[in-house]
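> Okay, here's the structure, questions in a sec.
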Amino acid sequence: MKKALATVSVLAAATGATLADDFTIGLTNGWVGSEWRTQMIEEAQAAAAAWGERGVDVEVVVQSSNVDVPGQIAHVRNFISQGVDAIIINPNSPTAFDPVFAQAASAGILVISTDAEVSSQDAIYVGIDQKGWAEASARWLAETLGGEGTVVAINGVAGHPANQMRVEGYTEVFGEYDGIEIVNEVNANWDQAQGQQAMQNLLATYPDIDGVWVQDGMAAGAWRSIMDADRVDEIAATGEIRKDFIDLWVENDFTSGASVNPPGVMASALNVAVFMLQGRELKEPADDGVYGNALYLPIPFIDGNNVAEAASALDGQPGHYSYSSSLSIEEAEALFQ
């Protein structure tokens, strides 16, 4: 069993968590530049409320703001000072939180990272495999192109741990195909408007590209530029399972494939956290990932074969709404002894 899980078990016993029926959980989000992050917090709050029906009072305290790494470390220290039972973090760095997570562990506080993995063995990660997310969509693109063609990539926030793992994922996959050439990689900060402008610039510079690997909320913007250039029938591009993008996809018959990082990852982490705080132990240790402390969740994927199903699931939602999934309380409980 990894140190993180051993620490969790000791903390639960030391604090008498098995007898508790109420918990305070701090949620820290260090970047608020997309609707995805807002949906993530809202789904976590809904998950906390659902525990009330089981007689467990889960209070969430949210710190969500645009901060640098020291600012998010301050979030964690604030939670430690408040004496919360657990901290769930969407971290701005994979390694910078090791000392403050050790402080949290010493204070008897459970720490779970989501959306981006962390190196600290005083924490576990509950979320998707970001590298695997990128590998799946990159392989779809490479196979769709028949293993040959020029490709550009539009990435998220430079230096963000999830973005870095995604870049590693598609780079490795494209490297397996001698006929695939990545001619440029740019960052558009997970912003739809920036994604549209980036795609417009790339098309002006590389008018004959065959494929585009693009992340998250930037996909709809990138595809709008492809439409404006009248290249819909000539370019294959990845995307995301978000309402505005799915609508464009169905209406214009894109050649697209999309995986999604569900906003529900923080809700999943919260449900796992409550069971850990109750002193339950996982059936299988959270030992996946580059740091050996990850519990990976399934990654949805769609292409032309099931895009209509995704469109139906998103019917009636606003354009920024992402197709989401999370571990229900029952599904989370099934992971525990």
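> Residue by residue through segment 202-240, note down the ones that are under 23 Å from Phe301 (Cα atoms), polar (S, T, N, Q) and in contact with a Leu (Cβ under 7 Å, 6 or more places away or on another chain).
Across segment 202-240, the qualifying residue is only Thr238.
> May I pose another question? Would a scan of segment 149-166 turn up a residue that is among the charged types (D, E, K, R), surrounded by fewer than 24 Cβ atoms within 10 Å (Cβ to Cβ) and under 21 Å from Val186 (Cα atoms)?
Within segment 149-166, not a single residue is among the charged types (D, E, K, R), surrounded by fewer than 24 Cβ atoms within 10 Å (Cβ to Cβ) and under 21 Å from Val186 (Cα atoms).
> Tally the residues that are in a helix (DSSP H, G or I) and in contact with a Gly (Cβ under 6 Å, 6 or more places away or on another chain), restricting the search to segment 138-167.
3
> Separate question: In segment 167-204, which residue that is open to solvent by 10 Å² or more (accessible area, probe 1.4 Å) and small (Gly, Ala, Ser) is modelled with the lowest pLDDT?
Ala193
> Please find, within segment 85-115, the residue that is farthest from Gln63 (Cα to Cα) out of those that are among the polar types (S, T, N, Q) and open to solvent by 10 Å² or more (accessible area, probe 1.4 Å).
Among those that are among the polar types (S, T, N, Q) and open to solvent by 10 Å² or more (accessible area, probe 1.4 Å), it is Ser106.
> Right, something else. Can you name the number of the only condition in (1) within 30 Å of Tyr125 (Cβ to Cβ); (2) open to solvent by 60 Å² or more (accessible area, probe 1.4 Å); (3) in contact (Cβ under 8 Å) with a residue 24 or more places away in the chain that Met266 fails?
Here Met266 clears every test but (2).
> When you go through Ala222, Ala237 one by one, which is the residue that is touching a residue at least 60 places away in the same chain (Cβ under 8 Å), surrounded by 17 or more Cβ atoms within 10 Å (Cβ to Cβ) and in a helix (DSSP H, G or I)?
Ala222
> Mind checking whether some residue in segment 72-87 is under 19 Å from Ala332 (Cα atoms) and either more than 18 Å from the chain's Cα centre (by Cα) or part of a helix (DSSP H, G or I) (or both)?
The answer is yes; a qualifying residue exists.
The values are calculated or read from the model by the stated rules, or taken from the named source; none is laboratory data. Source: prediction; values computed, not measured. All Cβ positions, even for glycine, are placed from backbone atoms using ideal geometry, and neighbour counts span all protein chains on display. Areas reflect the complete protein model, heavy atoms only, side chains present, ligands, DNA and RNA absent. Shrake-Rupley method; radii C 1.70, N 1.55, O 1.52, S 1.80 Å.
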